[in-house]
Amino acid sequence: MIEATALRKSYGDTVAVNELTFTAHAGRVTGFLGPNGAGKSTTMRLILGLDTPDSGTVTIEGTPYRHLKDPLKTVGAMLDAMWRHPGRSARDHLRWLAATNGLPDKRADEVLALVGLTSVAKTRVAQYSLGMQQRLGIAASLLGDPRVLLYDEPVNGLDPEGIVWIRQLMHALAAEGRTVFVSSHLLPEMAQTAQDLVVIGRGRLIYQGTTADFVARTSEHGVRVRTPHADELRTALAEGNAEFTETDGAFVVSGVDSDRIGELAFAAGATLHELSPITGTLEQAYLDLTSEAVEFPAAATPGATR
Amino acid sequence: MNLLRAERIKLFSTRAPWWCLAIAVIAPLGITALFFGLAGPEIPANIGTTQLGTGNGRTVLLVLAVLVTASEFNWGTMRLTFQAVPSRVPALLAKVTVVGALALVLGLFDSFASWGLASVVAPDADLTPHTGADWRTLLGQGVVFLLTAVLGVGVALLLRNVALSLTLVLVWTQVLEGVIVFIPGVGKHIYQWMPFYASQQFTGGGGFASGALGLPAPPLGPWGYLGYFAAICVGLFGAGVWLTQRRDA
């Protein structure tokens with residue numbers, strides 16, 4: 001379990017993380033979602049004690065990271081797959097890291113097998129593809145068989161096969177009862193990977209809860225209704241306190257759900273040709289929520305305003 | 001012990017340290033061989049002059065110490081190290097111990113190998129160590145190499161950048177210390193407080209050229225100079241550790 005309480009970190013005048021409170025639970029994949037520059041990587045560094053927060057606390061299984069003895073045995077992390085010396089072999093990279101926490105060389109070989117890099121274990125990392133370097137980073141995170149795992153943008157730059165592999169790995173790790181905390185700026189990917197979501201924008205918490213709730217809460221954008229009896233329906237909707245707009249002979253109704261609209265229309269004797277809830281995509285919901293919180297918004301695209 | 005093992009694996013698992021070591025052995029021995037093989041009778045053959053090339057080995061070692069520390073910041077492995085050792089200081093002490101031990105061995109090897117090679121090339125010269133000063137010239141190289149490694153790690157921790165740290169230590173050792181002596185008036189006195197001048201005063205055999213500079217009598221004895229040099233090296237390392245512990249990684 002990871003618990004952050006009122007975390008705050010600023011660099012100069014820029015507040016990167018602002019009063020951020022959230023929890024990531026054991027046995028679940030928690031997606032850490034936000035636009036680029038929202039403070040995800042900073043938060044990850046605060047969790048791992050690489051940066052010191054201005055105020056607030058963050059604990060792992062109840063203990064601040066810097067107080068953990070042999071932390072690799074409690075927390076595995078990959079904040080950046082490029083944190084390695086390109087001239088060193090994968091096996092040597094894992095051997096030195098394992099040695100810091102008293103883990104045997106055997107563990108390096110085991111995690112290399114786990115991520116499928118055994119055949120290139122003694123090759124200099126400079127010759128690795130991006131996907132192989134990501135696998136090496138993930139191997140490093142698994143060295144100490146930790147209860148808590150942190151990954152910062154693990155699927156960035158991966159091919160579809162690599163993405164599926166990482167997604168399945170996260171699910172498997174969580175199914176074993178581990179806490180998996182994974183950041184991304186890509187919502188569709190998170191929707192398929194994460195059971196819980198922590199959404200931030202400009203360093204502030206926007207949403208914390210299950211992915212399913214996030215989708216349900218934010219994806220209904222109204223109900224589209226078509227009828228040949230427009231006058232009757234208009235009156236009925238007005239009496240039912242529903243808000244609506246009319247375009248091209250169709251109503252878009254909001255404020256009441258489709259069940260209620262059907263009942264109102266029936267009572268008013270209006271025949272319905274269409275009654276369909278408009279479900280926005282998860283991507284749309286995410287954009288709506290974070291649009292206020294994008295650090296460097298693009299200029300509005302003409303004609304694309306909604 | 002775990003951290004020493006980790007730093008040992010780090011040190012010997014990339015190519016650069018091996019290259020540095022090779023150069024740090026070949027260059028001093030080559031210089032010694034050429035010097036004793038080609039020098040005419042006007043050059044005295046003694047214990048001091050067998051060590052004229054050793055300083056070059058020490059410069060390469062300084063490059064090695066800076067490189068293996070500063071490159072960890074460039075490649076991000078220092079962050080990985082701090083992730084594994086969040087209190088940071090033990091990891092830095094392990095690094096300076098491993099690099100320092102290598103420096104000690106290298107310094108002794110360079111000094112005795114140069115001396116042995118000189119004895120072979122110039123069999124007629126009397127190169128048997130007689131006095132305590134002779135032994136200090138030979139054994140002292142190990143201590144000076146060790147302290148130089150500590151200084152190199154310290155500078156790299158302070159600057160956290162390969163290019164910057166290497167430029168600084170090379171310009172300092174190869175240019176700055178040498179030209180300070182030419183500042184009119186105070187130059188000679190400042191020169192006598194320069195760290196690498198101090199280390200040379202400890203090992204002695206300051207070279208046949210230093211007499212021409214017309215330096216005043218040195219303010220410290222050999223052991224005083226060792227203490228002074230050690231204080232600078234350990235001080236820089238301490239400052240590097242202090243800053244690294246406080247800074248965001």
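Shown for chain A are no DSSP H helices, since none reaches 20 Å along its axis, judged by Cα atoms, with a mean Kyte-Doolittle hydropathy of at least 1.6. Annotation: amide H-H contacts under 5 Å for residue A:201 (H modelled 1.01 Å from N, sequence separation of 5 or more, or interchain): A:206.
Per residue of peptide B:5-15, the mean number of Cβ atoms on other chains within 10 Å of the residue Cβ is 6. Of the residues A:259, A:13, B:110, A:288, the one with the fewest other Cβ atoms within 10 Å heads the list, and the complete ranking is A:13, A:259, A:288, B:110. Relative contact order of chain A: 22 percent, from C-alpha pairs under 8 Å at least 6 residues apart in sequence. For the protein assembly as shown, the residue among B:75, B:150, A:139 whose Cα projects farthest onto the positive side of the dipole built from Cβ charges is B:150. With 30 Å as the limit on Cα-Cα distance, the pairs of A:9/A:69; A:9/A:106; A:40/A:73; A:9/B:10; A:73/B:10 that go past it are A:9/A:106; A:9/B:10. Taking label points 7 Å from Cα along the Cα-to-Cβ direction, residue B:239 and residue B:176 give a separation of 1.0 nm. Orientation-averaged projection of segment B:2-246 equals 13.9 nm² [convex hull of Cα atoms, one quarter of hull surface area]. Picking from A:157, A:12, A:203, which is most flexible by a Gaussian network model of chain A using Cα springs under 10 Å? Residue with maximal mean-square fluctuation among A:157, A:12, A:203: A:12. Between B:177, B:42, B:72, the GNM of chain B built on Cα springs shorter than 10 angstrom shows B:42 fluctuating the most. Using the rule -39500 (n - 2.57) for each DSSP H run of four or more residues, divided by the residues of chain A, the 222 nm mean residue ellipticity is -10000 deg cm²/dmol.
In the elastic network of chain A, a GNM with C-alpha springs shorter than 10 Å, the most mobile of A:115, A:180, A:253 is A:253. Within straight-line reach of residue A:122, meaning a Cα separation under 13 Å, sit the following aspartates and glutamates at least 8 residues removed in sequence or on another chain: A:92, A:109.
Looking at segment A:2-208, what % of its DSSP beta bridges pair antiparallel, to the nearest 5? Of the beta bridges lying entirely in segment A:2-208, close to 50 percent run antiparallel. Per residue of A:97-104, other chain Cβ atoms within 10 Å of the residue Cβ number 6 on average. Estimated at 0.36 nm per residue, the fully extended path between residue A:61 and residue A:105 surpasses their Cα-Cα distance by 13.1 nm. Summarising the overall dimensions of the protein assembly as shown from its C-alpha atoms, the Rg and Dmax are 33.5, 125 angstrom. Among the DSSP helices (H) of chain B, those spanning at least 15 angstrom by Cα along their long axis with an average Kyte-Doolittle hydropathy of 0.5 or more are B:15-38, B:54-75, B:89-121, B:132-159, B:222-246; this is a geometric and hydropathy rule only. Counting other Cβ atoms within 10 Å as a rough exposure proxy, the listed residues B:58, A:260 run A:260, B:58 from fewest neighbours to most. Ordering B:194, B:1, A:78 from the fewest to the most neighbouring beta carbons within 10 Å gives B:1, B:194, A:78. Stretching the chain fully between residue A:176 and residue A:73 yields a gain of 35.5 nm (0.36 nm per residue, less the alpha carbon separation).
Read-outs throughout are calculated quantities, based only on the coordinates presented, and are distinct from any laboratory measurement. All figures in this text were calculated on a predicted structure; none of them were measured in a lab. Counting neighbours? That spans all protein chains shown, and the Cβs are built from the backbone with ideal geometry, glycine included.
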